[in-house]
Amino acid sequence: MAGTTKELTVDVAIIGAGPAGLTAGYLLTRQGKSVAIIEKDGTYVGGISRTVEHDGYRFDIGGHRFFSKSQQVVDLWNEILPDDFIQRPRMSRIYYEGKFYSYPLRAFEALTNLGVLRSTACMVSYGWSKLFPVKDVRSFEDWTSNQFGKKLYSIFFKTYTEKVWGMPCNEMSADWAAQRIKGLSLWGAVVDGLKRSLGLNKRPNDGQAVKTLLETFRYPRLGPGMMWDAARDKIVATGKGQVLMGHALRQLASDGAGGWRLSASGPQGDIVIKAANAISSAPMRELAARLHPLPATTLQANNLKYRDFLTVALMVEGEDLFPDNWIYIHDSKVKVGRVQNFRSWSPEMVPDESMACVGLEYFCFEGDGLWSMADEKLVALATAEMNTLGLLDPAKVKGGAVVRQEKAYPVYDEDYAANVEAMRCELEDKHPTLHLVGRNGMHRYNNQDHAMMTAMLTVENILAGERIYDTWCVNEDAEYHEAGNEGAEKAIPARETRSVSPDQAAALGSVRDVPTRVSADRKAA
């Protein structure tokens, strides 16, 4: 009944039922801890890893390959969803000036498409950047120009990146480039492309391809939401966990004794959750505004920015329009940033074999012209832009749907790092039982598996009763996210903040053999 307030007491209260929140809830209930998870969405769990269904068509929000170098993450995926993975070929291309470029770049193809003069200019620009690099690297433009040369930066990075983030590249922090494309170099891409073109990327003895770059990936047959639906169901089935849908955080208040009192509003009224520990994957800016007492760093948190986006799905008569999982649109003539082909993710995403289904991704800010545009106008815009790009016949579009996603990307502007560090330090000093996890919870552009890692280490800290591991080191030393072998890392990268006794080590049940790098203090870490 509306207006009533329900109370419950658990070991851990969790804000957000995305990959991080559900991973934490799953591991905690597996260890016998009681949890309550609140989720603002009234229908879907999984956050931006959810799968939306419309008339039998399934839409992936952003595209989520189930690939991780961490064997522990892979094992957890297999444990939660043991029988529903399929292996899919990886294909992504860049659309630029009416031509397609494999992504990552292939040497001969890029040379042919760009032409001799422009290719020569790119190589001269690359050589210049190596001889005379920008010494004081502050922006995305500085970092990428140093790595690839100014010419290639302008062709393959500038237009798309500014479309995604809605800000000039010279105002974006270099941290984003370093985190997302670290380890990828022009020379490495050329060498890999040459090997592929010449058939030289084979092991000498068995003739099998060396997976220098990701060529296949696993994927749930009904989309990533299938994983997180299963995690939710397993949490509830233990009898130790509750997942409260349609519940928005109102306040997270310290109880004065080291624990927490979480209040949320839901469809049947308010709920109050009392817990010894709290885990938040809510956007850091929103959490700061709802903490009681208010943090001294609320103003810094309030300056954190987010980029939103929406997907326009088009149901198109006929066979698949292109074989890619997605295509990056580096073309200023259209507003769309990326186009997905849902059947290439999984044939079961599209219920009718005579139909194709594509999703156009538009990056925007909540409340701006694109975000506020009526659904039918967005479908018309998407149809027109696909025609402009030459990717479909508008007459064959038989329907459309729109999915909006707020706060999809934490913005890396020039002040974000100082703002995040200020709040992080205050919360860790004053509230050791409050744990930040996930992409928005830490204001960090983490992949799905990295978000899970932060939750896995957080669970270890809760089980130990103190912060043994520094969760903020997850993904800080990551290499290029399209390279490497699945499960190559047998343990989760972590920094130990203090030594662990043999008894504590024996008690830790969900993350084992974690390599640690002892740091003198948090700031050195």
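General remarks:
- Fraction in percent of alpha-carbon pairs per bin - 10 Å, region 70-163: 14, 33, 22, 19, 11, 1
- Each of Ala417 and Asn78 was given a label point 7 Å from its Cα along the Cα-to-Cβ line. The distance between the two points is 3.8 nm.
- One decimal place: the segment Asn170-Glu215 gains 13.0 nm when fully extended, by the rule 0.36 nm per residue minus the C-alpha distance.
- Ala395-Asp55 FRET efficiency (beta carbon distance; Förster radius 25 Å; 0.05 resolution): 0.80
- Shape category assigned to region 408-475 from the gyration tensor of Cα positions, a/c cut at 1.5: oblate
- Theoretical FRET efficiency, 1/(1+(r/R0)^6), r = Cβ-Cβ of Glu406 and Val124, R0 35 Å, to 0.05: 0.20
- Here the 3J(HN,Hα) profile of region 60-65, calculated from phi with Karplus coefficients 6.51, -1.76 and 1.60 at θ = phi - 60°, is 7, 8, x, x, 9, 6 Hz, Gly and Pro shown as x.
- Extension gain from Asp233 to Lys6, taking 0.36 nm per residue of separation minus the Cα-Cα distance: 79.5 nm
- Between Gln268 and Glu319, the FRET efficiency from the beta-carbon distance, with R0 = 41 Å, is close to 0.30.
- Compactness of region 217-271, expressed as Rg and Dmax over alpha-carbon positions, Å: 15.7, 47
- The string of couplings for region 343-354 from the Karplus curve (6.51, -1.76, 1.60, θ = phi - 60°) is 5, 5, 6, 7, x, 7, 6, 10, x, 10, 5, 8 Hz, one whole number per residue in order, with x for Gly and Pro.
- Distance between the pseudo-spin-label points of Glu366 and Leu299 (7 Å out from Cα toward the beta carbon): 2.4 nm.
- Kirkwood hydrodynamic radius over Cα pairs of region 243-359, then Stokes diffusion coefficient at 4 °C and 1.567 mPa s, in µm²/s: 70
- Segment Asp429-Asn387, extension gain: residue separation times 0.36 nm, minus the distance between their alpha carbons: 9.6 nm
Where a number appears in this text, it was derived from the coordinates with a stated rule and is not lab data. Every value quoted in this text rests on a predicted model; they were computed, and no experiment measured them. Note that each Cβ is placed from the backbone with ideal geometry, even for glycine, and that neighbours are counted across all protein chains shown.
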